[in-house]
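Data block below; observations after.
The values are calculated or read from the model by the stated rules, or taken from the named source; none is laboratory data. Owing to the predicted nature of the structure, the values given are computational and were not obtained by experimental measurement. Here Cβ is always computed from backbone atoms with ideal geometry, including for glycine, and neighbour counts include all displayed protein chains.
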Amino acid sequence: MTKYLISFPSGAMVIPEGDFQAVVDASHAVVREAKDAGVWVFGGGIDESVPPVLVDADGTATAGTYPQTRQIEGGYTVLELPSYEAAVEWAAKIAAACRCAQELRAFQYDPES
């Protein structure tokens with residue numbers, strides 16, 4: 001089975017005033033469904049209040065990021081699924097719950113996992 005990353009940037013999730021709890025409830029329902037189906041690997045939102053650091057191989061930590069990843073934020077879900085079509089179906093469920101489009105990417109096969 002392949003692991004898929006389903007994600008969205010913070011700015012894509014625009015929730016009308018008064019609808020926040022409905023989005024939370026819908027999102028939690030999709031997470032429960034994925035866990036019950038046995039496809040859940042990991043999910044969560046980036047804590048944007050904690051600044052990123054770049055860590056070198058020697059352990060040196062420097063404030064900031066790679067220039068091309070300066071905007072990593074938002075929500076991320078990793079599911080392990082039998083097909084690309086199944087990944088599209090789960091991404092659609094998450095998009096409906098979060099009320100914003102989701103980006104879908106496949107992880108490369110890792111024979112050790």
Fill in: Matching option when the condition is among the basic types (Lys, Arg) and either within 14 Å of residue 7 (Cβ to Cβ) or in contact with a helix residue (DSSP H, G or I) (Cβ under 9 Å, 6 or more places away or on another chain) (or both), among 99, 32
99
Worksheet item: Between residues in region 45-68 that are under 28 Å from residue 98 (Cα atoms) and among the charged types (D, E, K, R) and residues that are surrounded by 10 or more Cβ atoms within 10 Å (Cβ to Cβ) and modelled with pLDDT under 90, which pairs lie under 8 Å by C-beta distance while being six or more apart or on different chains?
Response: 48/10; 48/73
Fill in: Matching residues in region 66-93 - criterion: being hydrophobic (A, V, I, L, M, F, W, C), farther than 29 Å from residue 56 by Cα and out of contact with any Leu (no Cβ under 9 Å at 6 or more places or on another chain)
81, 92
Item to complete: Return yes when residue 22 is in a helix (DSSP H, G or I), loosely packed, with under 14 Cβ neighbours inside 10 Å and touching a residue at least 24 places away in the same chain (Cβ under 8 Å) and no when it is not.
Response: no
Practice prompt. Could you check residue 55 against (1) over 24 Å from residue 108 (Cβ atoms); (2) more than 17 Å from the chain's Cα centre (by Cα) and say which number it fails?
Written response: (1)
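For residue 33, indicate whether it is part of a helix (DSSP H, G or I), in contact (Cβ under 8 Å) with a residue 12 or more places away in the chain and among the charged types (D, E, K, R). So that I can check it myself, show each step before the final result.
Numbers: part of a helix (DSSP H, G or I): yes; in contact (Cβ under 8 Å) with a residue 12 or more places away in the chain: yes; among the charged types (D, E, K, R): yes.
Considered against the rule, which asks whether it is part of a helix (DSSP H, G or I), in contact (Cβ under 8 Å) with a residue 12 or more places away in the chain and among the charged types (D, E, K, R), residue 33 comes out as yes.
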Worksheet item: Does residue 96 satisfy the condition of being without any contact (Cβ under 8 Å) to a residue 12 or more places away in the chain, assigned to a helix (DSSP H, G or I) and out of contact with any strand residue (DSSP E or B) (no Cβ under 6 Å at 6 or more places or on another chain)?
Response: no
